[in-house]
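Participant: Structure below; questions to follow.
The values are calculated or read from the model by the stated rules, or taken from the named source; none is laboratory data. Because the structure is a prediction, the values reported are computed rather than measured. Backbone-built Cβ (ideal geometry, glycine too); neighbour counts: all protein chains shown.
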Amino acid sequence: MHPIETRNITKIFTSGIFNKLEVRALDDVSLEVKKGEIFGLLGPNGAGKTTFIRILLGITYPTMGEAFLLEKPVSHYQLKTRIGYLPENHQFPRHMTGERILTYFGKLSGLDNHTLRNKCEELLHLVNMTKWKGVRIKKYSKGMLQRIGLAQAMINDPDVLFLDEPTDGVDPVGRKEIRDILKRLRDRGKTIFLNSHLLSEVELVSDRVAILKRGKVIRSGATTEFTKTSDEHEVKFDGSISDDLLNTLRSYNPALRLEGNVLTFTTADRVTINNIIDKLRKANISIESISKRKGTLEDTFIDLMNEDSAP
Amino acid sequence: MKSLTIILNTVYESITRLTLLFYLAFGTIILLVIAFGLRGLYDNGILIGISFFGNQIPVIDGIDPSGFIFMTTVGGSMSAILLLGVFATASIIPETLRKGTIDIYLSKPISRLELLLSKYMGAISAIGIALFYFMAGLFIIIGLKTGIWNTDVFPALGLIIVMFMCIQSMSTLVGVLFKNMGLVLVFVYLHIFLFSPFLRLRKELVGILTENAIVHRIFDGLYYALPQLSEMQENVSFLFAPAAVEEIIKFSYTPFLYSLISCSAMFLLAYIKFKRSDY
């Protein structure tokens, strides 16, 4: 069994008089996350990502289906000694300092005082918050709160770490640091479940991803499957292309486009590429670069979102 | 261990929010007034009476005059004690249930019962500390000024804490249901200052409107189902009544017992709702 497993999870929220209004937040979601991998759950707002994490943590109950963490049903609250969680928009008690937050939630995670002391120092250093440890969190910026939140989630050295928008409000340097921390944790065999809107972030760290739309998993797989290199080529050049030359180039590839000083065309045929380059060189056009365009997770995500716009 | 951590943090949180400090400041003002105004009157070393800002209360046939001081001080400041006490602790449950806070608590290896009970105990402890300060202060000041060490102050402290246990159960239930500090204050203040006195006088007041037995039964049911705060308030001050007037104003534990049952039921309802809720 995997550290995270769900079987046919469905969650229906009801509201209104006699609970007549129903919203299907999750619809038959079955996912598995393997030990030692970083798994990214993607989806637009309201797709059900946070609800899914909350069900795994026993914060929300599923209407149907089963969820397991570390081989036990999620209703076993004692298993949370091995779990860490950074919620989206977390609200720590504002009277606490960063260090006190770690101590408080560390104690609630079952750590003894000696372990806590060492762990606090280590984590404050890891998230670059040692200097601010004695300051009340009401004075913290969003990025600092995220750093302390991340340290809080790691205080009990969890086997499974759930992070909901961990880089929200964090500057680019901080994001890189967080990515490095996550990679190091993965290398130590920790399992990381990541929810994020920042697809480029997810792409950089995740081993596998799943995309949720309206509560359903519409695609899942290795991140590399979502970011395959396409056959689209870009040629950047110096100078100008005459209409005659452009027509000649289009005779090799009718879909060829010219935008400013960039020619774009899609082909898998090496002869066509060479013919186009030869014609450009013959016309004394100086070529700056030729590159094959790499598909991004964002492209796939947007394609998938648009694909199913019709019901 | 985890429960103790939450209880201590809840007390600390109350202190840092200043609401508890305000409560302590109020107690300090009353204590200072008594310390400055109260004086023992002696004749050849024997206490013959006490004076409070010039108003003399003589010792008559061995009746303890400090009882009157306690009755008037504790009874008179009871409304303020309740008002400020509720205000100091009303935010504890709604703040715990805020999105982003409850998520972190419930992701820790702690049961929902342990969490709710610990927050409840934390609120009671915060109020308990403030009350102990006030009552112990009264005991010491009156003892030093008059030489009478009235130990009834300690059972009275216990009974006021029982009152707060009832009030906090109500705060917990309303907090779990509505997650809103304003509504907690409205419900609890309405009960303390309106429903409870009304239900106490229900026979007379409802009798004016109707003779219908079913209506009377409904109000009787509400009277026993809800904490009997008015009776408890009155009985705390009766505890200090001198022996000579015990026949007229008689202390009774009954409202405390009924209220404890009622507050247990309210806490249980709050727990059931909390246990079943999605956050």
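Participant: Tally time: how many residues in the stretch A:246-302 are touching a residue at least 60 places away in the same chain (Cβ under 8 Å) and either of a type in the set (S, T, N, Q) or surrounded by 14 or more Cβ atoms within 10 Å (Cβ to Cβ) (or both)?
Facilitator: 7
Participant: Which of the residues that make up the stretch A:242-256 are part of a helix (DSSP H, G or I) and hydrophobic (A, V, I, L, M, F, W, C)?
Facilitator: A:Leu245, A:Leu246, A:Leu249
Participant: Do we find that B:Pro94 is surrounded by 17 or more Cβ atoms within 10 Å (Cβ to Cβ) and more than 17 Å from the chain's Cα centre (by Cα) in this structure?
Facilitator: yes
Participant: Considering only residues of the stretch B:248-278 that are of a type in the set (Ser, Thr, Tyr) and away from chain A (no Cβ under 14 Å), which is farthest from the chain's Cα centre (by Cα)?
Facilitator: B:Tyr271
Participant: Okay, moving on. Give, as residue ranges, the helices (runs of 4 or more DSSP H) completely inside the stretch A:103-187 that count at least 1 residues that are free of Cβ contacts under 8 Å to residues at least 12 places away in the same chain and within 12 Å of chain B (Cβ to nearest Cβ).
Facilitator: Where helices (runs of 4 or more DSSP H) fall fully within the stretch A:103-187 and carry at least 1 residues being free of Cβ contacts under 8 Å to residues at least 12 places away in the same chain and within 12 Å of chain B (Cβ to nearest Cβ), they are A:113-126.
Participant: Checking the condition away from every other protein chain (no Cβ under 14 Å) and out of contact with any Lys or Arg (no Cβ under 9 Å at 6 or more places or on another chain), which residue from B:Leu20, B:Leu31 passes?
Facilitator: B:Leu31
Participant: Kindly evaluate A:Ile59 against the criterion of being assigned to a helix (DSSP H, G or I) and more than 24 Å from A:His125 (Cβ to Cβ).
Facilitator: No: the conditions fail for A:Ile59.
Participant: All but one of (1) surrounded by 19 or more Cβ atoms within 10 Å (Cβ to Cβ); (2) at pLDDT below 95; (3) within 11 Å of chain B (Cβ to nearest Cβ) hold for A:Leu42; state the number of the condition that does not hold.
Facilitator: (3)
Participant: Okay, moving on. Please tell me if A:Thr81 is in contact (Cβ under 8 Å) with a residue 12 or more places away in the chain and touching a strand residue (DSSP E or B) at 6+ places or on another chain (Cβ under 8 Å). Steps first, answer last, please.
Facilitator: Details: in contact (Cβ under 8 Å) with a residue 12 or more places away in the chain: yes; touching a strand residue (DSSP E or B) at 6+ places or on another chain (Cβ under 8 Å): no.
Against the criterion (in contact (Cβ under 8 Å) with a residue 12 or more places away in the chain and touching a strand residue (DSSP E or B) at 6+ places or on another chain (Cβ under 8 Å)), A:Thr81 does not qualify.
Participant: What helices (runs of 4 or more DSSP H) lie completely within the stretch B:191-279 and have 3 or more residues being surrounded by 19 or more Cβ atoms within 10 Å (Cβ to Cβ)? Write out each step before concluding.
Facilitator: Values: elements: B:196-200, B:202-209, B:213-225, B:229-238, B:254-276.
Fully inside the stretch B:191-279 and qualifying: B:229-238, B:254-276.
Participant: Checking B:Ile140 against (1) closer than 29 Å to B:Ala265 by Cα; (2) out of contact with any Cys (no Cβ under 9 Å at 6 or more places or on another chain), which test does it fail?
Facilitator: Of the numbered conditions (1) closer than 29 Å to B:Ala265 by Cα; (2) out of contact with any Cys (no Cβ under 9 Å at 6 or more places or on another chain), the odd one out for B:Ile140 is (1).
Participant: A:Phe68: more than 7 Å from chain B (Cβ to nearest Cβ), among the aromatic types (Phe, Trp, Tyr), surrounded by 20 or more Cβ atoms within 10 Å (Cβ to Cβ) and in contact (Cβ under 8 Å) with a residue 12 or more places away in the chain, yes or no? Before the answer, list the steps.
Facilitator: On the way: more than 7 Å from chain B (Cβ to nearest Cβ): yes; among the aromatic types (Phe, Trp, Tyr): yes; surrounded by 20 or more Cβ atoms within 10 Å (Cβ to Cβ): no; in contact (Cβ under 8 Å) with a residue 12 or more places away in the chain: yes.
No; evaluated as a whole, the condition is false for this residue.
Participant: Moving to a separate point now. Does B:Ser171 satisfy being within 14 Å of chain A (Cβ to nearest Cβ) and under 30 Å from A:Asn89 (Cβ atoms)?
Facilitator: No.
Participant: May I ask you to verify whether B:Ala88 is small (Gly, Ala, Ser), within 30 Å of B:Ala270 (Cα to Cα) and either buried (at least 16 other Cβ atoms within 10 Å of the Cβ) or within 14 Å of chain A (Cβ to nearest Cβ) (or both)? Before you say what the answer is, go through the steps one by one.
Facilitator: Details: small (Gly, Ala, Ser): yes; within 30 Å of B:Ala270 (Cα to Cα): yes; either buried (at least 16 other Cβ atoms within 10 Å of the Cβ) or within 14 Å of chain A (Cβ to nearest Cβ) (or both): yes.
Criteria met by B:Ala88.
Participant: Is it true that some residue in the stretch A:291-311 is aliphatic (A, V, I, L, M) and more than 30 Å from A:Ala47 (Cα to Cα)?
Facilitator: no
Participant: Let me ask something else. Anything in the stretch B:109-162 that is assigned to a helix (DSSP H, G or I), charged (D, E, K, R) and either out of contact with any strand residue (DSSP E or B) (no Cβ under 6 Å at 6 or more places or on another chain) or within 16 Å of B:Gly85 (Cβ to Cβ) (or both)? List them, or say none.
Facilitator: Going through the stretch B:109-162, the residues assigned to a helix (DSSP H, G or I) turn out to be B:112-146, B:153-162.
Restricting the remaining residues to those that are charged (D, E, K, R) gives B:112, B:114, B:119, B:145.
Result: B:Arg112, B:Glu114, B:Lys119.
Participant: Let me ask something else. When you look at A:Ile12, is it within 30 Å of A:Asp299 (Cα to Cα) and either in contact with a Cys (Cβ under 6 Å, 6 or more places away or on another chain) or within 14 Å of chain B (Cβ to nearest Cβ) (or both), yes or no?
Facilitator: Details: within 30 Å of A:Asp299 (Cα to Cα): no; either in contact with a Cys (Cβ under 6 Å, 6 or more places away or on another chain) or within 14 Å of chain B (Cβ to nearest Cβ) (or both): yes.
The answer is no for A:Ile12.
Participant: Hey, another quick one. Among the listed residues B:Asp103, B:Asp43, identify the single one that is away from chain A (no Cβ under 14 Å), farther than 23 Å from B:Tyr189 by Cβ and among the charged types (D, E, K, R).
Facilitator: B:Asp43
Participant: Looking at the stretch A:1-44, which of its residues are in a strand (DSSP E or B) and more than 30 Å from A:Leu185 (Cβ to Cβ)?
Facilitator: Of everything in the stretch A:1-44, those that are in a strand (DSSP E or B) and more than 30 Å from A:Leu185 (Cβ to Cβ) turn out to be A:Thr10, A:Ile12, A:Phe13, A:Thr14, A:Ser15, A:Leu21, A:Glu22, A:Val23, A:Arg24, A:Asp27, A:Asp28.
Participant: Restricting the search to the stretch B:110-120, which residues are touching a residue at least 60 places away in the same chain (Cβ under 8 Å) and facing chain A (nearest Cβ under 7 Å)?
Facilitator: Applying the first criterion (touching a residue at least 60 places away in the same chain (Cβ under 8 Å)) to the stretch B:110-120 yields B:110, B:112-120.
B:Ile110, the sole residue that qualifies.
Participant: Go through A:Lys72, A:Lys142 for me and flag whichever is of a type in the set (D, E, K, R), at pLDDT below 95 and more than 18 Å from B:Ser107 (Cα to Cα).
Facilitator: A:Lys142
Participant: Among the residues that make up the stretch A:79-101, is at least one of them more than 10 Å from chain B (Cβ to nearest Cβ), closer than 30 Å to A:Leu204 by Cα, crowded, with 23+ Cβ neighbours inside 10 Å and not small (Gly, Ala, Ser)?
Facilitator: No.
Participant: Using the structure shown, decide if A:Arg54 is surrounded by 13 or more Cβ atoms within 10 Å (Cβ to Cβ), at pLDDT 95 or above and touching a helix residue (DSSP H, G or I) at 6+ places or on another chain (Cβ under 9 Å).
Facilitator: So A:Arg54 passes the test.
Participant: Another one. In the stretch A:53-65, what residues are facing another protein chain (nearest Cβ under 9 Å) and polar (S, T, N, Q)?
Facilitator: Within the stretch A:53-65, A:Thr60 is the sole residue that qualifies.
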